[in-house]
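Report on the structure given below.
The values are calculated or read from the model by the stated rules, or taken from the named source; none is laboratory data. What you are looking at is a predicted structure, and each value in this text was computed from that prediction instead of being measured. Every residue, glycine among them, receives a Cβ derived from its backbone with ideal geometry; neighbour counts consider all protein chains shown. For accessibility, only protein heavy atoms count, side chains too; no ligands or nucleic acids. Shrake-Rupley method; radii C 1.70, N 1.55, O 1.52, S 1.80 Å.
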Amino acid sequence: KERARMLQKILLLLQLISWVSPGFKAPQDSYSPDTKQKWRMGLVYYKYAQETDEDKMFTDEEKKGIREAMDHIVFQLAPGCIRFIYRPDTNLQHLLFTKEIEKYKCSTDNIGRVEAKDEDGKYLPSIVRLSKECFQEKGTVAHEIMHALGAIHEQNRLDRDFFVEIDWSNIKEESKGNFMEKKDLDDAKDYLKKVEAGKQPTKRKDLEIYNQTYSTAYDFFSLMHYSVRQAAIDNEKDVIKIPEPFKKKFGPALLEGKPEKMSAADVMELSAHYNVCGVKPKVKEEYVQYLWKLAEASVEHMEQMSKTDETKNKERLAAGTEIVRKILDEIELNGSEEDE
């Protein structure tokens, strides 16, 4: 409670700064808003692409890796929230794992379940493409499966620019879509109307659409967050630059490597996306502990920005005021951490 009062006091002081925009709203979160892309009742049938070329066939060890990635997601959630069922002969909507020969090809063709059908009236699969290199780093396969469940990259969030800075000049051209900014809500609604009318799946190139909001805070530890040099042209330079207050709070090596498992916020978002799920108490406790640290670092970040006259910092400070308010609301909603 003392920490909450301290943060609120600082927020009130910051609001007195003349260039904080009144009424600023900070959209959040990283899930597709199209309900048709959800797997009904969290039931996901899956199978492997049938190939005769041995190079295009998953080894038993790779299939084990896929199953372990699925189990990791399932066991983080409440029982029955998401179920993966192997059905090699299914013609229903399903997840299709395809072995790729191209090196470091780890991708998902669509976000969420595919609603479209082929010329024969059969449902098209949601395809997850994995080369052998995808199994070298823990968390990569689960990351791609999360896309198939509807998740979008954390660094695509609309409140991203307050927490990180993107060096666009150092991103490989083919990867810029994984960092792209979002359109405003009106454009998104128009886009969704077209999706519904044509029953077309959301392609990766269309990720500038407005995302679903579950009120969770920006998550540096999300399984869906890129590491600081992922997709870099120059591997000696960071693509994602993290302000010092966040490094100070969470450690200097923050996002130096890819996250290997789902965070508490990942679990809460996925549970909310498939709203048949509850959330385990330990997940909420872990999430609240993260929120406290994020709020404190955010306030320090705002204090530093308030001492400069840069236009971009003025905009971020305006966003930050609303963001920290939302974090405090989240703490109150999910329960306060006891003072030490």
**Fill in**
Loop-resident GluC sites (Glu not before Pro) in the stretch 256-285 with no more than 16 other Cβ atoms inside 10 Å, DSSP not H/G/I/E/B, are GLU256, GLU260
**Prompt:** Roughly how many Å² is the accessible area per residue of the stretch 237-311, as a whole number, for a 1.4 Å probe?
**Reply:** 47 Å²
**Prompt:** Say the cut-off is 32 Å between C-alpha atoms; which of LYS64/LYS293; LYS132/LYS284; LYS138/LYS282; LYS64/LYS122 go over it?
**Reply:** LYS64/LYS293; LYS132/LYS284
**Asked** Under a 1.4 angstrom probe, counting protein chains only, how are TRP168, TRP39 ranked by accessible area, largest first?
**Response** TRP168, TRP39
**Fill in**
With a 1.4 angstrom probe the carbon and sulfur portion of accessible area for the stretch 118-185, in percent, totals 43 percent
